[in-house]
2 protein chains.
Amino acid sequence: MAEEVNPLIRALEQYDVLSDEERDALRALPLRTRLLQKNEEIIREGDRPTHSCLLVAGFAARTQNLEDGKRQITNLHAPGDFVDLHSLLLKRMDHNVIAFSDCEVAFIPHGALRELIDRHNHLSRLLWVTTLVDAAIDRAWITCLGRRPAIDHLAHFICELFTRLKGRGLNDGNSILFGATQVELGDILGMSTVHVNRTIQDLRKLGLIDWEAGRVTIRDFDRLADRAGFDPAYLNQWVEPR
Amino acid sequence: MAEEVNPLIRALEQYDVLSDEERDALRALPLRTRLLQKNEEIIREGDRPTHSCLLVAGFAARTQNLEDGKRQITNLHAPGDFVDLHSLLLKRMDHNVIAFSDCEVAFIPHGALRELIDRHNHLSRLLWVTTLVDAAIDRAWITCLGRRPAIDHLAHFICELFTRLKGRGLNDGNSILFGATQVELGDILGMSTVHVNRTIQDLRKLGLIDWEAGRVTIRDFDRLADRAGFDPAYLNQWVEPR
DNA sequence: CGTCGTGTTGAACCTAGTCAATTTCCGTGG
DNA sequence: CCACGGAAATTGACTAGGTTCAACACGACG
């Protein structure tokens, strides 16, 4: 089988097999892709978007801003993730989505997507699945934030990120490219920048990871996963009739 | 209009208007209800359920257990919430659902639900919406856990709980019945029991709430919401074509 | 009347946050 | 090739928010 290039098809094929007809239907969707620079807003809280969007390249983040200027990232997205299927049904965005790195995003008009899901039940379910997986990730983040110490939390995040990227062939052996600053990492983990710095150093000293210049190398995945209590099942990285 | 008694219909009517035909389809679903005692497991991590379930009365909680015996509650559910639509598409549960109080749960076979969503696009979307609202709540929890001090977090939780219950007429003026122990509250908020105790006292001293014997009374919602940075929009408590 | 679960309190401890300074890295222009 | 400036990483000292441990009070229940 030739490597599929349509990002939508690749996104959904992660979770189940698609028929030729379904592929055709997906290919027929009017995608318009756009390049965005790091930190550009993709969608703003309060918006009522007319398009949904799929991340084709780079990273995107969901963010919520607090009154006092603090920021929390509630999920991070890798190529192949839908970063906004919510607005198709919820209509009003309750959070922001920003370009976490320079990235490429494909926009799909809600109208076309609505027609697609009304006509293709199976595709509709698979789109639903993508939002359910996002929710599973959110739950894992809640547990890390609520009950794990900083070092385990960071370890868990690295395991998750690595596993998600690897699931799409975006790893490079046991390292990944992830150009987040420590400030941004703090917004992901709910920690201060200083503490992020010290926690990374702790993982380094334990010989579990290297992290330099936007390249994260996992030196001992098993030990890292063990310390983090990481079980990849929640990522649902398998094909199954749905 | 007569008060609707079918819990499924009430659940979906929160988000959009239903046609008579849709109501009939929902009424035709084979519900089997069951009474559960507090702390009984409704679904266990790793299960591959054959039924989805809807909470009819009482509270239910999603929980994740850590290696060291710690526990985190990742979402709380009130009557009218689906507590397991996930397994319909994700197949394998990545977390537990337990009876948070004595409660009544309606089970619906996956087969019947699948037929329903294949036949009724609009109902399918509304079911999807319920999972999206859950995800929105998860995001709010992440932000509270990551970036808010304990007192604001607790205030936010109370605002959320009150608003969700009020949306279903389950409030009693400005108080609600919520029989959680402080240990359980700790599992919700990601705090130690002792700190929960002290934080509740802080809110009491500020004149914002009373909390005694399972009854939470909000003495000044505006001030409470203000301190918590609570904006109810994410709960999507309105009817809108979806 | 004893026991257990829950709420409450105090004190010691520790993880993580804050503030401020310093160093490293990197891109730019000369 | 080097000097400069700004962003990011790192470090130290101090503080604060939150945890832990232990004790005690209270009420429900057998």
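A simple rule links phi to the HN-Hα coupling: the Karplus curve 6.51 cos²θ - 1.76 cosθ + 1.60 with θ = phi - 60°, which for region B:224-236 gives 5, 5, 5, 4, 7, x, 8, 10, x, 3, 5, 7, 6 Hz, with x for Gly and Pro. Measuring between their Cα centroids, region A:147-166 and region B:164-242 lie 31 Å from each other.
Note: relative contact order over chain B, using C-alpha pairs below 8 Å and six or more positions apart, is 22 percent. With the whole protein complex present, residue B:122 retains an accessible surface near 30 Å², based on a 1.4 Å probe. Ranked from shortest, the separations from the 7 Å Cα-to-Cβ label point of residue B:28 to its equivalents in the other copies are 2.8 nm. Only aspartates and glutamates eight or more places from residue B:70 in sequence, or on another chain, were considered; those with a Cα closer than 13 Å are B:184, B:187. Within the accessible area of region B:7-139, the carbon and sulfur atoms contribute 45%, probe 1.4 Å, all protein chains present. The amide H of residue B:42, built 1.01 Å from its N in the peptide plane, has B:97, B:98, B:99 as neighbours under 5 Å, considering only residues 5 or more places off or on other chains.
Once you reduce region B:87-117 and region B:45-68 to the center of their Cα atoms, the two points are 8 Å from each other.
Carbon and sulfur: what percent of region A:156-242's accessible surface (1.4 Å probe)?
Details: 1970 of 3960 Å².
In region A:156-242, the share of accessible area belonging to carbon and sulfur is 50 percent.
In terms of Cα to Cα distance under 20 Å, which aspartates and glutamates are near enough to residue B:205, apart from those fewer than 8 places away along the same chain? Counting by Cα, and skipping residues close in sequence, residue B:205 has these aspartates and glutamates nearby: B:152, B:220, B:222, B:226.
Please work out the average accessible area per residue across chain A, using the 1.4 Å probe convention, and give it in Å².
For chain A, the solvent-accessible area averages 40 Å² per residue.
In nanometres and ascending order, the distances from the residue B:6 label point to those of the other copies are 3.7 (point 7 Å from Cα along Cα→Cβ). Summary for residue A:222: label point 7 Å along Cα→Cβ; distances to the equivalent points in the other copies, ascending, 6.2 nm. What's the total accessible area buried between chains A and B, using a 1.4 Å probe, rounded to the nearest 100 Å²? Accessible area lost upon association: around 5100 Å². When nucleic acids and ligands are ignored and a 1.4 Å probe is applied, residue B:238 ends up with an accessible area of around 70 Å².
Rounded to the nearest 10 square angstrom, residue B:206 shows an accessible area of 70 square angstrom against a 1.4 Å probe.
The values are calculated or read from the model by the stated rules, or taken from the named source; none is laboratory data. Being a predicted model, the structure only gives us computed values, none of them experimental. Cβ sites come from the backbone with ideal geometry, for glycine too, and all protein chains shown count toward neighbours. Note: accessible area is taken over every heavy atom of the protein model, side chains too, but ligands, DNA and RNA are not part of it. Shrake-Rupley method; radii C 1.70, N 1.55, O 1.52, S 1.80 Å.
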